[in-house]
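Q: Please read through the structure below; I'll follow up with questions.
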Amino acid sequence: MTSTASSMDTRQDQAPQEQRPSWQQRLRRFGYPAAAASDVRDRLVPPYVRPSPRMWQFLGVSRPLAERITRWAGWGGPLLVTLLAGVLRFWNLGSPKAVIFDETYYAKDAWALVHRGFEVSWDKNANDLVLKLGDQIQIPTDAAYVVHPPVGKYVIGLGELMFGFNPFGWRFMTALLGTLAVLMLCRIGRRIFRSTFLGCLAGTLMAVDGLAFVMARTSLLDGVLMFFVLAAFGCLVIDRDRARAKLAAALPADPDGRVRPDARIGNTLRLGWRPWRWLAGLMLGLAIGTKWNGLYFLVAFGLMTVLWDVGARKVAGASRPYAAVLKHDLGLAFLATVPVAIVTYLASWTGWILSPTDGTGGYYRNWATADGRSSDWSWLFPDWWLSLWHYEHQVYEFHVGLSSPHTYQSNPWSWIVDGRPVSYFYESPLPGKDGCPVDAGEKCAREVLAIGTPLLWWVAAFAVLYVLWRWLFRRDWRAGAIACGVAAGYLPWFLYQERTIFFFYAIVFLPFLCLAVAMLLGAIIGPPRAGDTRRVAGATGAGVLVLLIAWNFIYFWPIYTGTAIPLDEWRSRMWLDTWV
């Protein structure tokens, strides 16, 4: 076991102690660290924490075997956690055999996109026909007005092409991406915490979260958005490590072999094209092409990665780190993210762009030829651009003005405490029907409820406060990165509190909540240098908390999966009045 309290990794971007102003020294009373690492390499590229030899001795594991386990754990641990997540998500994936909640839009839109290149308008009874006819259903020809970009629907459509136009087919890709997101989170957590244990812990928490579980088993867009956002974050974390490793390799060593800061290297070293940053731009473009709130992550992550460069150059010895970043890094950072994301977004509309302009193509595809040439400057732009711009403007007006009341809408203030979940599916089968026990005595309840594992979310509310404290007073870059992910996914919704919004939008920042909880649990366990009594007590407390979260997930399993249970058992799981 290890802890996030390791001193080698919390002060990577700090100036040497003698350069700190007095106000920073006064912050020590709040937990601000005063000591600095002596070797700059350990601050630029901290080593991974290795399990204590005492643990192997306690378990009776020989040293060669312990070395082998440690070597393979970096991938072996995350893969085991991912296997658990995959089994949970793919088990009985086709149940309920129904079109649940907003699958009524996205499953059918996806089928139309992969066959026609644009969404079409379906009949009101189309859901029943889809379940009855599957692949044999006739696809309508009239274009439909839709308010979300096509990437997420193309992703859902891939599963339909592979497994057919049925519940398993349209849920396959969201289940796959939900499983792979757990693997990514394990690896991302391992990299930022420098601890395989804490990385796997973050992934395990996500594997047993109810909201992540339900969203992975439902063909909605938000789970796809979460995957691309997390992938972009992971790419930027890898880019951060590689850029800092390049700086560390270029710095000179003193006669004792210790690497020292060098102003020339810090100010002038070029870090190259940095392919992981370009890949992050691609992932952010796909995120925006799934739902527009991916734009907030483009802005937040763009600022974050630039500040990471400033911190790296400062540690490397740059006398003017902001000027050095402006001169050597900012231009490429912009090119690798913003233009790449924009081009990716536009490319996602290729099917719509290539559709006919005679009124038989995508919605508004013929707008430019019919109505859009009134401007004196319209001749500068191709028809598809003018039509797409008009379409996007109409969609923007729809989103900012959406205020139709919905039974399960919620205010973002309630999200962090699981205040108002969303019911995706509900039936009341009679005893002996659809899994309802014969001796139930009354009707059963069969529900799919999009609700986070309550204990996990309630702990996460405190973990966010801990992360903010650690970022503000200990200047821990990892806490700042986690806070950035939560803020980009959460805070923008407070601008639209009068709009119709739902709790399941929170899935996009759930991985960052899991990282925050893992960081908090690492602090509870205690630093490696702590005594045995402290570590045992901390590990016991953290272990009990994780077991309670796992139990909580198991307890709510029936209402995550649509399993028929007696009505009294369903009522016992409605802990808050707002959950009904």
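Q: From the list ALA564, ALA542, exactly one residue is crowded, with 17+ Cβ neighbours inside 10 Å, under 25 Å from the mean Cα position of the chain (by Cα) and not β-branched (Val, Ile, Thr). Which is it?
A: Going through ALA564, ALA542 in turn, the sole match is ALA542.
Q: Would you pick out the residues in region 455-477 that are open to solvent by 10 Å² or more (accessible area, probe 1.4 Å), in contact (Cβ under 8 Å) with a residue 40 or more places away in the chain and farther than 30 Å from SER219 by Cβ?
A: PHE462, TYR466, TRP469, PHE473, ARG474, ARG475, TRP477
Q: Return only the number of the condition from (1) assigned by the TED database to the domain that holds GLY169; (2) open to solvent by less than 10 Å² (accessible area, probe 1.4 Å); (3) modelled with pLDDT of 95 or more; (4) within 30 Å of GLY317 (Cβ to Cβ) that CYS186 does not satisfy.
A: (4)
Q: Looking at ALA479, ALA461, ALA450, which is the one that is of a type in the set (Gly, Ala, Ser), at pLDDT 95 or above and in contact with a strand residue (DSSP E or B) (Cβ under 7 Å, 6 or more places away or on another chain)?
A: Testing whether each residue is of a type in the set (Gly, Ala, Ser), at pLDDT 95 or above and in contact with a strand residue (DSSP E or B) (Cβ under 7 Å, 6 or more places away or on another chain) leaves just ALA450.
Conditions (1) within 20 Å of ALA212 (Cβ to Cβ); (2) open to solvent by 40 Å² or more (accessible area, probe 1.4 Å), marked per residue:
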site: ALA450; (1), (2): yes, no
site: THR453; (1), (2): yes, no
site: ALA479; (1), (2): no, no
site: VAL486; (1), (2): yes, no
site: PHE504; (1), (2): yes, no
site: ILE507; (1), (2): yes, no
site: PRO528; (1), (2): no, yes
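Q: Looking at region 131-147, can you tell me whether even one residue there is within 30 Å of ARG190 (Cα to Cα), buried (at least 17 other Cβ atoms within 10 Å of the Cβ) and hydrophobic (A, V, I, L, M, F, W, C)?
A: no
Q: Is it the case that some residue within region 430-438 is of a type outside the set (A, V, I, L, M, F, W, C) and either open to solvent by less than 40 Å² (accessible area, probe 1.4 Å) or not in a loop (DSSP other than H, G, I, E, B) (or both)?
A: For region 430-438, residues of a type outside the set (A, V, I, L, M, F, W, C) and either open to solvent by less than 40 Å² (accessible area, probe 1.4 Å) or not in a loop (DSSP other than H, G, I, E, B) (or both): absent.
Q: So THR500 clears everything in (1) in a helix (DSSP H, G or I); (2) surrounded by fewer than 19 Cβ atoms within 10 Å (Cβ to Cβ); (3) not basic (Lys, Arg) except one condition, right? Which one?
A: That leaves (1) as the condition not met.
Q: Pull up region 155-182, narrow it to residues that are open to solvent by 30 Å² or more (accessible area, probe 1.4 Å) and under 19 Å from the mean Cα position of the chain (by Cα), then point me to the one that is farthest from VAL395 (Cα to Cα).
A: The qualifying residue farthest from VAL395 (Cα to Cα) is LEU180.
Q: Consider VAL299 carefully, then state whether it is farther than 30 Å from ALA523 by Cα, in a helix (DSSP H, G or I) and at pLDDT 95 or above.
A: Against the criterion (farther than 30 Å from ALA523 by Cα, in a helix (DSSP H, G or I) and at pLDDT 95 or above), VAL299 qualifies.
Quick grid of which residues meet (1) free of Cβ contacts under 8 Å to residues at least 12 places away in the same chain; (2) touching a strand residue (DSSP E or B) at 6+ places or on another chain (Cβ under 6 Å); (3) open to solvent by less than 10 Å² (accessible area, probe 1.4 Å); (4) in the same structural domain as LEU180 (by the TED database):
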site	(1), (2), (3), (4)
ARG89	no, no, yes, yes
ASP102	no, no, no, yes
LYS108	no, no, no, yes
VAL114	no, no, no, yes
ASN125	yes, no, no, yes
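Q: OK, next. Tell me the residue from ALA243, ALA248 that is modelled with pLDDT under 95 and part of a helix (DSSP H, G or I), please. Give the derivation first.
A: Working: ALA243 fails: modelled with pLDDT under 95.
When all the criteria are applied, what remains is ALA248.
The values are calculated or read from the model by the stated rules, or taken from the named source; none is laboratory data. Predicted model, so just to flag it, every value in this text is computed and none were measured. Glycine also receives a Cβ, built like all others from the backbone with ideal geometry; neighbour counts cover every protein chain displayed. Heavy atoms of the whole protein, side chains included, go into the accessibility calculation; ligands, DNA and RNA do not. Shrake-Rupley method; radii C 1.70, N 1.55, O 1.52, S 1.80 Å.
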